[in-house]
Structure formats: C-alpha cells, structure tokens
Amino acid sequence: MITLSQRREVGEFRKRYRWMALFVVLVFGGIIVRVAQVQLFQQDRWSGIAQQNITKTLELPATRGVIRDITGRVVASNRPSYDVYTTPRLLRPEDLDRIASLMALSKEEQAAFRARLDEIPLGRRSHQLELFSDIDREQLAALETHLAELPALDIVTVPLRHYPYATLGAHLIGYLNEVNAEDMKRADDPSVYRSGDRIGRNGLEKRYEPLLKGSRGFRRLVVDARGKALEGTRPDSLEVEMLKKPVPGHDIQLTIDMRLMEAFDRAFRPYPSGSAVVVDIHTGAVRALYSKPVYDPNEMSGGLSNKRYAELTGDPFRPLIDKTMYETYFPGSTFKAFTALAALEDAVVDPSQRVECLGSLKIGRQKFRCNKRHDWVDLYESVVQSCNVYFWALAEEVGLERINRYAEAFGFAEHTGIGVNSEAKGFLATREWYEEHYGRFRIGYTLNTAIGQGNTRVTVLQLALAYAAIANGGSLYAPQVVQNIRSPDGSLSETFQPRIRREVGVAPQHLDLMRRALIDVVQDESGTAYKARNKDGVAVAGKTGTAQVVSRKGRSEESSSAWYLDRSHGWFAGFAPAGDPQVAFAVLVEHGGSGGASAAPIATSVMQQYLTELESPEAQ
Amino acid sequence: MAIGRTIRDDFDWPLFIAVSTIALFGVLNLYSATEGGTTSDAYVQQLYWLILGFSVATLTVAIDYRHFERYGWLIYGGCVLALVLVFVLGRSVRGSTRWIALGGFSLQPSELMKIGLIIALAKYLHHDTKTGGRTLVDLIIPGLILALPMGLVLLQPDLGTAMVLAFIFASIMMLTQLKMRSVVTLLATFVVAAPVTWFYLLKDYQKERITAFWDRLGGTQTDLLDSGWHTHQSLVAIGSGGLTGKGFTQGTQTRFRFLPDQHTDFPFPVWAEEHGFLGAVLLISLYLFLVLWSLRIASQAKDRFGAVVAVGVGAMIFWQTVVNLGMVSGLLPVVGMTLPLFSYGGSSLLSTMLGLGLLMNVSMRRFLH
C-alpha cells in the first residue's frame, strides 16, 4: 500500500473542506432564514389561505320583510328564485361545456359566461360567485340531476321580491334593483351589500331598506382540494365560524287599504291619468295614495331595457311621476274653501251679505268670467254653487296676504312630512313675488288666487290633508303611511302615533259653516256636484274644482292627443260620510274637464264602496 | 476482515443516529401524509425499504471499501447498463421512463447511478497522481464518466437526477485544484449551453415550471392553477405551520390533499405544517449535520478514494436536500427531486443507504493501515 503519499495528497484537500463546510453552512442557513420568513413572519397570511382552502362558504340570504296593507293583504313579498353559484377555483375546463349544455345556453350567453369567468382575479377564485340568477324550472331540473358531478356549482334558493298588486301603489311601495358601487360605498358596513345584491330604490323599499333587508348568514363546509364536502370533519386549526343564521327583515304594515286603491283603479278606468288621496281625518293615516298610470315594480326590479325606459319617460301621462305628491296643480275652486275661511275668521265680511253675479266681472279693462250667472249669492251659496264673482268681490276685501296666511295654516306650500319619496312643496305667490316677476302688483292676481288659479300650486296630498283639517275641526295632521313595523319574531318594534302638525286657527263655527256648505255642494240641487251624489247611499261632502292647464303650445306631441292634453283638470276634494266625517279625500282627474262631472263621481262612488261595501279596516 | 475488532471503537455513532432519526421522522411523516387515503399503508412499505436499506448499508460497511475501488469500473458499468435497460424494459410514468420492474418492486436505475458515478470518479482520481492545478484537458476523462450516464438520464427524461449527477461531479471536482483559465472557460460554456438546453432539450412542462418560478420571484404571479400552484400550496402548508405547527396528523393542507406528491417530492411541507418552525429547523439541522459530518469523514479518510467517496456521498445528500427544500419553499423552480431518507420511494432510499454505507465504511476504516 502506498498510503503515506496518499495521506499527503488528502491533506492537501484540507483547505477545500473548510470552504466547502462554509458553503454548506451558508446554504442551509439561507434555507432556514427562508423557512423562518414563511413560517414566522408570513404565518397569518398563509394560515388565512390554508383556512380558505378547506372551507367553502355558502351564503344564506335573508328574507326581506313583507309589506302588507292595513287589512293584512300582501303588497310586497318574496318568491323563490333559483340562483347558480360557483367557486371558480374548483371549475374544471370540461365543466364549462357541461354547464352550458345543461343550462341550454345560446352561443352569445356561452361566450358571455366564459368571458365572465376569465375575468375573475386570482384572489377571488376561492370565493363564491353568482353565475346565473332566477333560472327556469327546466334548467333547475337539469342542473340538479348532475349536481353531484359538478362540485364547483351550488344552487341557492334566493327569495326574489314580488309585488302581487303590480302597478297599484307602486310609487309608494317602490322597487328594488341591483346595488351599484356607490351604494356599497355608502353602507356603514362594507359587508352589508355585495355585488348582485338588491337594494330598495324607491318608495318604502328605499325608506325602510335597513329594516326590510335583514342580514345574510352563511354556512361553511370543510372541503378537500377537489371541493368535496367532508361532513363532520373540523380541523382544530380552523378558527372560523361555521354557521351564521340569516336574520329576516322586519315586516311593515301600511295604513293603506288596497281595496280602496282597487276601487279607485276601477273608478278611474275611463281616464288615462289622475290621482287620488284618502286620509283618516282623526289620525292623518293615509288610506289611499293613488296615481295613474304607474310602471310595474316587478318589471323595474328586473332592470329595464333602454327601449322600455324610453317608453316610460316618453309617455305623455308620465307613469314615472307620483301624481299624489311629486306633481303640483292649480287647486281651482277647491281652494275657495280656504279663501272663504280666511274671510270668515278675520271677519272681513258678513257671510250673509249678498253679491250679485251677472256671469262675469269687469275690473279695469279686464273681464273675468264666472261659470254661469248666479244672481244674488251669499258666502254659503257661492261655495255650494262655486260662484267666482262672489269670491272676486271677497278677494278684494280679504287680500292676498290673508289668503296666503290661511293657506299656509292649512299646510299649503310646505312639505307634508310623509317621509317617503320626494314630495313637491307647492307654491303660494306673494305680493313681492308678483312685483318681482310681473313688474307690478295688480288686484287681478289676488282675484285669481282667491279662486285657486293665479300661481297657487298644490299637491293632491296637501289638498286632502287640508280638507281633513276642515272635517276634523281644525287639526292639520302629518300624513302617515306606515301603521307599524314588526320584528322577524312577530313582536311590534315600532308603532306610529298620529302627529298633529298644527291647529289651523279657525273657529269651530266657521269650520262648521264650511262643512255644511260642502255637504250641500253634493246634496243640494244647486250644488256643483249634485249629479254625482249617492242616491240613498253614503252622503259625501266636498268642493269641485276645475283647474286650467298651462298651455302646452310648443310641445311636440302629435295633434291627436294634444287637444286632450290641453283640457282642464277636474278636482273634487272633501270628506265622508258627510254627517260624521271619517275620511277626507282629494281626487284629481287630469284633463277630465269639469270637476263636478269627472272627479266628483269617482269620489262619491269610491266613498260609497269604501264606507259600505268594503268591511271597515278595524274589523280586520 | 478486521471489522469485528473495531466495531465498538470505530462505529460512527453520530452518523448512525443522525441517519436513523431522519429516516424515522420520514416514516412518521409518511404515516401522517397518507393517513386515511388510498395509500395509507405506504409507511409500512417504507419501513420494509428501510430495513432493506439498513441491511444493504450493513453489507456495504462489512466489505472494505477498497474492494469497491477495485471493482469500480464494473460497478459503474453495471449501473450504466441498468440505465440502458430502462429503455428496453422500462415502465413509463407521467411521460418519462425511469423504472424497471424487478419482481414485485420497481427499481430506478438512475438512483443507483449516483453511487456508481461517485465510485467511478473516486477510482479515477485515486489513480490520478497529479497534484498541481488541473486544466480542462484533465477534466475530459472525468467529464466523459459523467456525460455517459447523465445523457442517458436526460433521455428518460429525468432532469432532477441529471442535475444531481452534475452537482456531484462538480463538487468532487472542486476538491481538486482547477486553473482559473479553465474555470472561466467552463463558465463560458455554461452560458452558451443554457439557451441551447432551454430551446432544444427541455420539455414544455419543464419550461413552464421554470417560468412560473421566475414569475413568482418577480412578484408577477399569474398562473396559480398550473405550475405555480404546487409551490403556492407548499408555501401555504409551511407558512400556516407557524412556530409550533398544527400537530401530528393535523395538517390541513396535507389531509385535504392540497399538496401535490406529498409523500415523494413534498414531504417537507407536510412536516413543516405539522411541526412548525421548530420541527423544520430540527430536520434541516439534521441534514446540515449529516453533510458536515461527511466532509469531516472525507478529511480524515486515509486515502484519496475514501475522501472522494465521502465528499461525493455528502454532495449527493447536500444537493438533493437543498434543491428539494429550495423547491418547496419557493426559492427554486419545481423539479422532481426527493428529500433523501425522508421521501417515500424505495430506489431513492436504497441508493442513499448505499451511499451512507460507503460513508460509514470510510469513516470506520480511517485508522486502518
């Protein structure tokens, strides 16, 4: 053996061993540093992903609160909609074709569906996402049959909003549609809304969104890498909640009586557009808020096509406008009651003093026309017969300032405070306003104001509430549409007490005089609504009105409908039953012409039905 | 042979304990990784392989390593022949042919080739009396010794094993002095060879893994569903282990099958997830010890053959460990590479045990003259 020389050679390697050892230590050190980085400094991040990996979260949607009318009839509820959700991470390429064929997707739908899946960012691939909503029965059956082979899919039953009365009361009730980025930003808690959720867009659905909505829950499943749910397995390291039950929304009961709404809908059949409001004179509870025409909220929820939207906005009868509170009109002769009350209360005239009506009145160079020659009439008769000449004479005595003051007391030109949707304020023109807009003030403006023309504009709701104040002895109520709100467990969570905005400040005997005059408008042969009376039926009291329409010259409607749109609006506002008032109303027939011929028959026939044929709401 | 006399005095206990501990951890880890699955008896098989491995190692220790030197070329030739046989008798798994069926078992000749290469290089250097700086010309013969098996392995194709062969070769050659000029030439060759390899030799899936790796390093992680997915899930497993781990058989990444090849190429994440940073450091330290210990054995070897064998075995363990750990921790691209002693797999274990037997052999005969 030649070991000696070899030992020497081996010894020569010795320096290299040191370098090698150093290298080895450095490399292993590097690996330990890396492991420390991943395990000690990034632990939270990786643990989060590890938990996400083995859990699949199924959303449990909350049932939105149900809205009912005063008698318990459902006006907004939920029907099941079957939605398909997917966890993109678990989708295999071959699944896409399978899903497309089971769903019987068209070519375009297929392309859209694939494009959507491609867009999902990496970070969201483990999160569920809505793939299809409200699939039909055949699609549901096809998918359910093969669900076991498609672990990436889940079919979730989601309650979808449904409005059984369709258009009736739609402005008040509102509708839902999909949340947008702004809604999500606005919500206090960002988890409240998620893309694809629906939110109340209008009416009560919007006003009570937080209460109606409820809160969603979830169920977490432990799944393996293939997405297969592993029942009864729950690793200790999984520190997440597995189940959160959804909390349904609150239920709302309205003061509205849908039977009354239906009665109005029938009575309005001859006319394309109009509005009616009925309020309880003792509480301000609104029994009807009727506006015609209206969109169908079921249709609005689905998202409107541009064409349909153009149809709605282009309709000359404006279905998108709530005519009970968002549109204002000249009150016409219905306003005379307030002019008369102003005169009585401030004692500027003797109500028994008579004025001669020759059918018109000449003031300066202007000639004002009355509806007919009334001869000698006192205040009472001039209300019953709606004599303009008497009121012009009265107006000179009362003056614009007093008329406006009493009109304001009765709630005109201010928001009623109904609290749902936007309401118009209406308008009372002052002397200063006339001077500013017409150069100087003329007495003619006062005369016009006295008979409800001029520049006075009111909403149907305001008028109904003002007549309620006449009927109840002078209390102006805030209108209320919600009777109570119930928690999901059925207990009352909120009830609404009647709220008086103010006492109008008119003596009882004057209001009594006015009530008697309003009764005779219908009951007396000379009354302007005599023809509309319920023979042997419910006695209704009220004041007719015919409001001129601002000329629509220059508008581009076809001539066939233009003549109609230039016709005056017919009004009838009052209370019933005449002897023992319970409700006050205002009915407006757009372009209906004379109020006595259009609006009054609607009001009397609906009151007849409401107060006799329909059961009283309290009986429910 | 005089082994009976020295077994008590010269037995390398530290080496034996380190190896046994790693192997035992490996079996436990395998049990956890496969529990409840379709391969839940894998740990029993691994135990059989371990027993076989220790027997082979014992046999290797019993024979004076100078006999391996004597039959060096024969051993090398046998291994090369086995590699050739792969193409004749081989069984194809996932697009590459690496296995020969041998009775009830499958044998992976490329694993044995590592030992064959170490012995061949050791024999060559043992008889090469040159002590000064070497030039490229001096590398021709050792280069050919490497090139033959490496080419065969690349044809299978098995990039990982080919790399280990190359690394073993490079490490052994580092022992001998190389002239600066030669080093520069070698580097230049590599620079030229790399693109050629990329465009002509690598398969698409291999390129994909390397691309995914660079994407991840650059932070532009784009494709979690394919190549990057393995590393991602591996990091999730390691990272979620934290300091102390989720506990034995409690790793969720493991149990719910998020780790790919969790008992062959990815056993470390399983370990790290269940035993945390403390467990990970313990395991890594054992490997560090093993490699440093092999260098120590080399430095005390009584001849050049023993020294080279020790360095070769050390290099084999070192590079496989580093590449595997680098791969599972996202520092290196994903290439098929087992963690020696720890991974499931008979051939890998057998060749490792063979190597460790040689190491023990060299260690125990360091004082024999």
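The values are calculated or read from the model by the stated rules, or taken from the named source; none is laboratory data. Owing to the predicted nature of the structure, the values given are computational and were not obtained by experimental measurement. Every residue, glycine among them, receives a Cβ derived from its backbone with ideal geometry; neighbour counts consider all protein chains shown.
Count of the range A:188-210 residues, restricted to those that are buried (at least 16 other Cβ atoms within 10 Å of the Cβ), assigned to a loop (DSSP other than H, G, I, E, B) and either over 13 Å from the mean Cα position of the chain (by Cα) or within 14 Å of chain B (Cβ to nearest Cβ) (or both), is 3.
Quick grid of which residues meet (1) more than 14 Å from chain A (Cβ to nearest Cβ); (2) farther than 30 Å from B:Gly228 by Cα:
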site: B:Val313; (1), (2): no, yes
site: B:Thr321; (1), (2): no, no
site: B:Asn324; (1), (2): no, no
site: B:Gly330; (1), (2): no, no
site: B:Met364; (1), (2): yes, yes
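Would you say B:Gln250 is facing chain A (nearest Cβ under 7 Å) and in contact with a Ser or Thr (Cβ under 9 Å, 6 or more places away or on another chain)? In short, yes.
The set of residues in the range A:211-244 that are of a type in the set (Gly, Ala, Ser) and surrounded by fewer than 14 Cβ atoms within 10 Å (Cβ to Cβ) comprises A:Ala229, A:Gly232. Being loosely packed, with under 14 Cβ neighbours inside 10 Å, at pLDDT below 90 and among the hydroxyl-bearing types (Ser, Thr, Tyr) is true of A:Ser560. When the range A:391-419 is filtered for residues that are of a type in the set (D, E, K, R) and assigned to a helix (DSSP H, G or I), the ones remaining, listed by number, are A:Glu396, A:Glu397, A:Glu401, A:Arg402, A:Arg405, A:Glu408.
Going by the conditions given, is A:Ser291 touching a residue at least 24 places away in the same chain (Cβ under 8 Å) and touching a His at 6+ places or on another chain (Cβ under 6 Å)? Even if it seems obvious, please write down each step before you answer.
Numbers: touching a residue at least 24 places away in the same chain (Cβ under 8 Å): yes; touching a His at 6+ places or on another chain (Cβ under 6 Å): yes.
Answer is yes for this residue.
If you go through the range A:1-45 and keep only what is of a type in the set (Phe, Trp, Tyr), buried (at least 16 other Cβ atoms within 10 Å of the Cβ) and at pLDDT 90 or above, you end up with just A:Phe28. Reported count of residues in the range A:464-503, each being within 24 Å of A:Gly411 (Cβ to Cβ) and among the small types (Gly, Ala, Ser), is 9.
Go through the range A:432-447 and give me each residue that's within 28 Å of A:His415 (Cβ to Cβ), loosely packed, with under 15 Cβ neighbours inside 10 Å and touching a helix residue (DSSP H, G or I) at 6+ places or on another chain (Cβ under 9 Å). If the condition is that a residue be within 28 Å of A:His415 (Cβ to Cβ), loosely packed, with under 15 Cβ neighbours inside 10 Å and touching a helix residue (DSSP H, G or I) at 6+ places or on another chain (Cβ under 9 Å), then A:Tyr438 is the only one that fits. Any residue at all in the range A:464-474 that is out of contact with any Gly (no Cβ under 8 Å at 6 or more places or on another chain), at pLDDT below 95 and part of a loop (DSSP other than H, G, I, E, B)? Looking through the range A:464-474, at least one residue is out of contact with any Gly (no Cβ under 8 Å at 6 or more places or on another chain), at pLDDT below 95 and part of a loop (DSSP other than H, G, I, E, B).
Could you tell me whether B:Asp128 is surrounded by 14 or more Cβ atoms within 10 Å (Cβ to Cβ), in contact (Cβ under 8 Å) with a residue 24 or more places away in the chain and either within 30 Å of B:Leu81 (Cβ to Cβ) or among the aromatic types (Phe, Trp, Tyr) (or both)?
no
Taking the criterion of being assigned to a helix (DSSP H, G or I) and either more than 19 Å from the chain's Cα centre (by Cα) or over 18 Å from A:Leu204 (Cα atoms) (or both), the only residue of the range A:268-306 that qualifies is A:Asn306. For B:Glu274, the conditions (1) surrounded by 24 or more Cβ atoms within 10 Å (Cβ to Cβ); (2) in contact (Cβ under 8 Å) with a residue 40 or more places away in the chain; (3) not in a helix (DSSP H, G or I) are fulfilled apart from (3). When A:Glu94, A:Glu59, A:Glu109 are checked against the criterion of being over 30 Å from A:Arg207 (Cβ atoms) and under 39 Å from the mean Cα position of the chain (by Cα), A:Glu109 stands alone in meeting it. Test A:Val247 against the stated conditions and say whether it is closer than 21 Å to A:Ile485 by Cβ and surrounded by fewer than 19 Cβ atoms within 10 Å (Cβ to Cβ). Here the answer is yes, as A:Val247 does meet what is asked.
Of all residues in the range A:168-186, those being surrounded by fewer than 15 Cβ atoms within 10 Å (Cβ to Cβ) and either part of a loop (DSSP other than H, G, I, E, B) or touching an Asp or Glu at 6+ places or on another chain (Cβ under 6 Å) (or both) number 1. Every condition in (1) among the charged types (D, E, K, R); (2) more than 26 Å from A:Arg219 (Cβ to Cβ); (3) within 10 Å of chain B (Cβ to nearest Cβ); (4) crowded, with 19+ Cβ neighbours inside 10 Å is met by A:Arg89 except one, and the failing one is (2). Of all residues in the range B:152-191, those satisfying the criterion of being assigned to a helix (DSSP H, G or I) and over 23 Å from the mean Cα position of the chain (by Cα) are B:Met180, B:Arg181, B:Ser182, B:Val183, B:Val184, B:Thr185, B:Leu186, B:Leu187, B:Ala188, B:Thr189, B:Val191. Restricted to the range A:31-57, and to residues there that are in contact (Cβ under 8 Å) with a residue 40 or more places away in the chain and facing another protein chain (nearest Cβ under 7 Å), the residue that is nearest to B:Leu282 (Cα to Cα) is A:Ser47. What about B:Met316, is it at pLDDT below 95, under 15 Å from the mean Cα position of the chain (by Cα) and closer than 23 Å to B:Gln156 by Cα? Considered against the rule, which asks whether it is at pLDDT below 95, under 15 Å from the mean Cα position of the chain (by Cα) and closer than 23 Å to B:Gln156 by Cα, B:Met316 comes out as no.
Which residue is farthest from A:Arg16 (Cα to Cα), if the candidates are limited to the range B:159-182 and must be within 14 Å of chain A (Cβ to nearest Cβ) and modelled with pLDDT under 85?
First pass over the range B:159-182, keeping only residues within 14 Å of chain A (Cβ to nearest Cβ): B:167-168, B:170-178.
Narrowing further to those that are modelled with pLDDT under 85: B:174-178.
Working: B:Met174: 8, B:Leu175: 6, B:Thr176: 9, B:Gln177: 9, B:Leu178: 12 Å.
Once the filter is applied, the top-ranked residue is B:Leu178.
In this structure, is B:Ser299 of a type in the set (Gly, Ala, Ser), surrounded by fewer than 24 Cβ atoms within 10 Å (Cβ to Cβ) and facing chain A (nearest Cβ under 9 Å)? Yes, satisfied. Against the numbered list (1) within 14 Å of chain B (Cβ to nearest Cβ); (2) within 29 Å of A:Ile602 (Cα to Cα), A:Glu239 comes up short only at (2). Taken over the range A:376-418, residues that are aromatic (Phe, Trp, Tyr) and out of contact with any helix residue (DSSP H, G or I) (no Cβ under 9 Å at 6 or more places or on another chain) amount to 1. Inclusion of B:Ala122 among residues that are in contact (Cβ under 8 Å) with a residue 12 or more places away in the chain, under 21 Å from B:Leu74 (Cβ atoms), among the aliphatic types (A, V, I, L, M) and part of a helix (DSSP H, G or I) is warranted.
Among the residues of the range B:48-74, the one identified as crowded, with 20+ Cβ neighbours inside 10 Å and without any contact (Cβ under 8 Å) to a residue 60 or more places away in the chain is B:Gly72.
Taking helices (runs of 4 or more DSSP H) as the structural unit, those lying wholly within the range B:199-257 and holding at least 2 residues that are at pLDDT 80 or above correspond to B:227-241, B:252-255.
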